[in-house]
Every structure is written in C-alpha cells, then in structure tokens.
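J.: My structure is below; once you've seen it, I'll send some questions.
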Amino acid sequence: MHPDVVVIGAGALGLSTALHCALFGRTVVVVERDTAGSQASGRAAGLFKSVQADELRTTLARRSIARAVSIDDWAGVSLKVARSGSFLVARTGEHQAHLRAEAGRSRQWGADVAEAGRAELARRVSYYRGDASELALWCPEDVYIEEPMALVWALVAACRRHGVELAESEAVTGIVLSGGQVTGVETARRSIATTAVVDAAGAWTRQVAELAGEPAAVAPVRHQLLITEPATDLDRVQPIVRVVDAAVYLRPARGGLMFGGFEADPLPVDPRSRPATFRTADLPLDLSVLRKMSAQVAAQAPLAGELPVAEHRGGMFTMTPDGRFIAGPVPDAPGLWVASGCNGSGFSSSLAIGEALAGWICDMPGGLDIGALSPARFGPVTDEALITAGVWQYAHYYDPA
Ligand SMILES: Cc1cc2nc3c(=O)[nH]c(=O)nc-3n(C[C@H](O)[C@H](O)[C@H](O)COP(=O)(O)OP(=O)(O)OC[C@H]3O[C@@H](n4cnc5c(N)ncnc54)[C@H](O)[C@@H]3O)c2cc1C
C-alpha cells in the first residue's frame, strides 16, 4: 500500500486535513490509535469565534464558519450548526478598551462586530443579566455545534465518501526516513510507504514528531468545562456569551447551561512523562477551578454556579509559544507535516486549517497562504520556556495583546 498521504490522528485537525487531501485527488490513510474524536475533539465546547487576535486567524475562523454551515455542499454530508451569534462582554474599563480595539481591528479584517445595548443582550439571552456598566459586542457570524462528536462524525463520513481509509485502534510507532526524507510510517500492525506524513496527534504531537527525531513546539495544557442539568428557558438556541474579564464562556447545552473558562494558573500536562497508556480520560479533573470562575460571574450568570452539574469534562489544549497554530512542513524532515498547536481553537478552525494545509501538501494553487504558521518559525525551545509561554497564552485566551 502506497497512499499519497498518511495522517496520524483522527481528531478534527487530522480528519479535516485528510478530507481535503482526498478532495484534491490524493489517496489518503488516517491512522488513529484509539477511535476518531476520542481525545480533545470529542470533548470540545463546540464554539466558533470570528473575532481573533490577528488577520490570518480571523480569516481561518470565518472561513471555518462558512465551511461548517455549507459542509453538505462541498463534502456531501450533513451537520447541524446552531447559528446563534455571540456576545463578547467586558465589565472592567481595561477590558472594555481592549474589546473596542479588538472590534476595530476585526472589522478591518472582515468580521461583523457591533456594539450592542443592554436591551439587545437581554432580548437575545435569557441566562445572562448584563447591566449598564458593561460593554457588549454582538458577533452575529458566530455559531456552535451542540455535540462536538457531530463534527467528528461528519468528517469521518465525508472522509469515507471521498475514499479516505480510516484505520482505528492502530498506533503509529515509527516514522521511516531515508536520506533524511520521509518514506513511510510503521504502525503496530504494518508498514505504510508514503512521501507525506501529517502529524496531527493533538497532545501527543511532540512524541510523534520525535519518532522522526524532530521537535514540535507544543505544550499541552488542561482545559475544563461543565454542563448543568436542564433548566427553564434554556432548551433553545441562544447566543454564546464570553465574559472576557473573567475569561469564561457560556452557552445553552442539552437544555442546561455550558460553562467553561481559562484560569490564570492552568495545569500543564506532558504526556511524554506519563505512562504510554495515558489518554485524555486519565487526566485528573478539578471542579473547584470552574466553581471559582463561575463565582466571578455569579451576579450576571447565577445558573452557572447554582444548577446541579450533569457533566464535567476536560482535555488538553496544545498551546504554542506565540498562541498560533502550527501547520506546515517540518524543515529538517522533508515529507513530514504538522497540524497542531490548536491553542484552544482547533475544533472551530479545523475546516479552514485542513483545507489550507492540504492545499500546501498537494501543491494546489490559489489556497490561503498559511506560511506564517509553519513549524519553522520556532527555533530550539526548552521545555521550561515552552510551558511558561504556553501557560501565558492559555491564561490570556481572550486578551492576548
Ligand atoms: C474541554 C475542551 C473544550 C474545548 N472547546 C473548544 C471550542 O469550543 N472551540 C474550539 O475551537 N476548540 C475547543 N477545544 C480545543 C479543541 O478540542 C482542539 O483544538 C481540537 O480538538 C484539536 O484537534 P486535534 O485533531 O489536534 O486533536 P485530537 O482531537 O486530540 O486528536 C489527536 C488524535 O491523535 C491520536 N494519536 C495520538 N498519538 C497517536 C499515534 N501514535 N498514532 C495514532 N494516533 C495517535 C489521538 O488518539 C487523537 O485521537 C476544546 C478542548 C477541550 C479539551
């Protein structure tokens, strides 16, 4: 078997890259150690956010929204997307100035963002009580996917429809190089010859890159959310609310409320120092982190802290030193590509990242230039520096400036 491309990892980033390579006419095998979506992708909050810190990320985020709502047209599969819109809320003067500046930049980059009055927020959202001292921005383009596995299953269905082989329960154990050039992968079951290998192994990106003797500047950091038991008036699509000064987000979920956030001192996790069997399900969770954050918005969103918890879940973000994705060729190992460094937005940007990266791998003209996301931009980074920078990026998810 000699596929044109082998993708390692069947999360949102790997599946999207594989699908787009297939749409560009390549033969593709996805090798997944567990099952598709079983790690970070299946645990995502499902939020898409059009307001981003730079122009390229804004373009990727908006392109992904457009691709998600039209996936039936270009991939032939269905996906339910809640076209909710979102509010960005700031309660402190400092964060209001930050949001106003961000809105101005985002508009220049094409995003639809407008200041919203208190009455508009109250009219659209039942679970958040704003007051006149707050600034709220209305972002009508934003959407969410109720259950994250819906996107994974849509991508799996589209992959199969377009001829991608998805091999689950098969771990990649080696990357084969000849004269410095990638010539294939070894799995627990077989050898697969290929000239293009994509490392989309999520929190395990570094281990997989190290199979080729290459570094990858990715620091996994724990992220958690909860979903409450159902409550009155939450059983309908309503906008997402992100309170940037508290670094938290909320949306309706399963008739209750989803609540998640970004603590200032998150838990870095290095799967390389854990047993080989370590998976996301083994990650210890800590509800007190979410309880402290929900207390910060208790006056505005009391249900987040008051309703019984129906689900508490978490997983690992793959943070990078500059808070941007890693997507592109590994310079010292021709044929090895990386699709990682999600920085908490890999689920929602996967459709555009996969499209752009596949265009690069397949040498397709006219695609979005994502050269700025190349792994080559990082020189040698020590583990300590990587974790410090990754933790900083995580803690500043909503105010990276
Ligand atoms: C609680 C939570 C909420 C989140 N909310 C959002 C959100 O609202 N919006 C958003 O955009 N993002 C969100 N994210 C981030 C998002 O989930 C990730 O950015 C995205 O899922 C990353 O996809 P991935 O394909 O890189 O990783 P993963 O989904 O983790 O996939 C990587 C795959 O690689 C496989 N693998 C690893 N090693 C090997 C090997 N040796 N051989 C074969 N396969 C291997 C793994 O089994 C895994 O399935 C959230 C994350 C968490 C944890």
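J.: How much accessible area per residue does the chain have, counting only protein heavy atoms and a probe of 1.4 Å, in square angstrom?
T.: On a per-residue basis, 38 Å².
J.: What residues qualify as long-range amide H neighbours of L257, i.e. H under 5 Å apart, gap of 5 or more or another chain, H built at 1.01 Å from N?
T.: Long-range HN contacts for L257: T228.
J.: Once both axes come from the Cα atoms, what is the angle between helix 93-108 and the longest principal axis of the chain, in degrees from 0 to 90, rounded to 10?
T.: Around 50 degrees separate the two axes.
J.: Hey, could you grab the Kirkwood Rh for region 154-200? Inverse mean 1/r over distinct alpha carbon pairs, Å, one decimal.
T.: 12.0
J.: With a Förster radius of 30 Å, plug the Cβ-Cβ distance of D131 and A264 into 1/(1 + (r/R0)^6) and report the FRET value to the nearest 0.05.
T.: After rounding to 0.05, the efficiency reads 0.75.
J.: What spacing in nm lies between the two simple spin-label points modelled at R254 and A150, each 7 Å away from Cα in the Cβ direction?
T.: Distance between the two pseudo-spin positions: 1.5 nm.
J.: I need the Kirkwood Rh of region 124-197: take the reciprocal of the average 1/r across all distinct C-alpha pairs and report it in angstrom.
T.: 17.4
J.: Then there is this: I need the Debye-formula profile for region 198-354: one equal scatterer per C-alpha, no solvent, reported as log10 I(q)/I(0) at q = 0.09, 0.13, 0.17 1/Å, two decimals.
T.: Relative scattering, expressed as log10 I(q)/I(0), comes to -0.36, -0.69, -1.01.
J.: Loop by DSSP (not H, G, I, E, B), at most 16 other beta-carbon atoms within 10 Å: where is the longest site-free stretch of the chain for trypsin sites (Lys or Arg not before Pro)?
T.: Here the longest segment lacking exposed loop sites spans 280-401.
J.: Can you check how the C-alpha radius of gyration of region 171-226 compares to 2.2 N^0.38 Å, as a plain ratio?
T.: Dividing the Cα Rg of region 171-226 by 2.2 N^0.38 Å gives 1.31.
J.: Binning every alpha carbon pair distance of region 160-286 at 10 Å from zero, what are the percents per bin?
T.: 10, 27, 25, 22, 13, 2, 0
J.: Here's something else I'd like to know. Suppose R0 equals 56 Å; then what is the FRET efficiency for E120 and E210 from their Cβ-Cβ distance, rounded to the nearest 0.05?
T.: Working from the Cβ atoms, E equals 0.65.
J.: Please find, in a Gaussian network model of the chain (springs between Cα atoms separated by less than 10 Å), the residue of A44, A154, A264 whose mean-square fluctuation is greatest.
T.: A264
J.: Run the numbers for E94 and T388: contour at 0.36 nm per residue of separation, minus the present Cα-Cα distance, in nm.
T.: Taking 0.36 nm per residue and subtracting the Cα distance, the gain is 103.4 nm.
J.: Same structure again: Which value, in Å to one decimal place, does the Kirkwood hydrodynamic radius take for region 70-111 when every pair of different Cα atoms is included?
T.: For region 70-111, the Kirkwood estimate is 13.1 Å.
J.: Could you give the dipole magnitude of the chain about its Cα centre, charging the beta-carbon of Lys and Arg +1 and that of Asp and Glu -1, in debye to the nearest 20?
T.: That gives the chain a dipole magnitude of about 560 debye.
J.: Taking a cut-off of 41 Å, what percent of all Cα-Cα pairs in the chain are separated by more than that?
T.: 11
J.: For a paramagnetic label modelled at 7 Å from the Cα of A66 toward its Cβ, which residues of region 328-357 fall within the zone defined by backbone nitrogen distances under 14 Å?
T.: 351-353, 355-356
J.: Taking N as the number of residues in region 1-103, what is its alpha-carbon radius of gyration divided by 2.2 N^0.38 Å?
T.: Computed over Cα atoms of region 1-103, the ratio equals 1.37.
J.: OK, next. Assuming R0 = 25 Å, what is the FRET efficiency of R291 and D233, from their Cβ-Cβ distance, to the nearest 0.05?
T.: 0.60
J.: Taking all protein chains in place and a 1.4 Å probe, what share, in percent, of the accessible surface of region 274-321 do carbon and sulfur account for?
T.: 58
J.: Quick one: if you stick a label point 7 Å off each Cα along the C-beta vector at E186 and A376, how many nm between them?
T.: 3.0
J.: Right, another one. Most mobile of G328, G255, G184 per a Gaussian network model of the chain (Cα springs, under 10 Å)?
T.: So, out of G328, G255, G184, the one fluctuating most is G255.
J.: Once the Cα atoms of region 279-342 are picked out, what are the Rg and Dmax in Å?
T.: Values for region 279-342 (Cα only, Rg and Dmax): 18.4, 55 Å.
J.: Take the Cα gyration tensor of region 310-395, multiply each eigenvalue by 5, square-root it, and list the three semi-axes largest first, rounded to whole angstrom.
T.: Its equivalent ellipsoid spans semi-axes of 24, 18, 10 Å.
J.: Which whole-angstrom value gives the distance between the alpha carbon centres of region 161-226 and region 1-41?
T.: With region 161-226 and region 1-41 each reduced to a Cα centre, they are spaced 10 Å.
J.: For E168 paired with H2, estimate the spin-label separation in nm (one decimal), with each label point 7 Å from Cα along the Cα-to-Cβ line.
T.: Each label point is offset 7 Å from its Cα along the Cβ direction, giving 3.1 nm.
J.: If you take every residue apart from D270 with its C-beta less than 9 Å away from the C-beta of D270, what net charge results, scoring Lys and Arg +1 and Asp and Glu -1?
T.: So the surrounding residues net to +2.
J.: Another one. Between A40, A157, A356, which gets the highest mean-square fluctuation from a Gaussian network model of the chain, Cα cutoff 10 Å?
T.: Largest GNM mean-square fluctuation: A157.
J.: What is the chain's relative contact order, in percent, from Cα pairs under 8 angstrom and six or more apart in sequence?
T.: It comes to 23 percent, rounded to a whole number.
The values are calculated or read from the model by the stated rules, or taken from the named source; none is laboratory data. Note that the structure is a prediction, hence the values are computed from the model and not measured. Note that each Cβ is placed from the backbone with ideal geometry, even for glycine, and that neighbours are counted across all protein chains shown. Accessible surface is based on the protein model in full, side chains and every heavy atom, while ligands, DNA and RNA are left aside. Shrake-Rupley method; radii C 1.70, N 1.55, O 1.52, S 1.80 Å.
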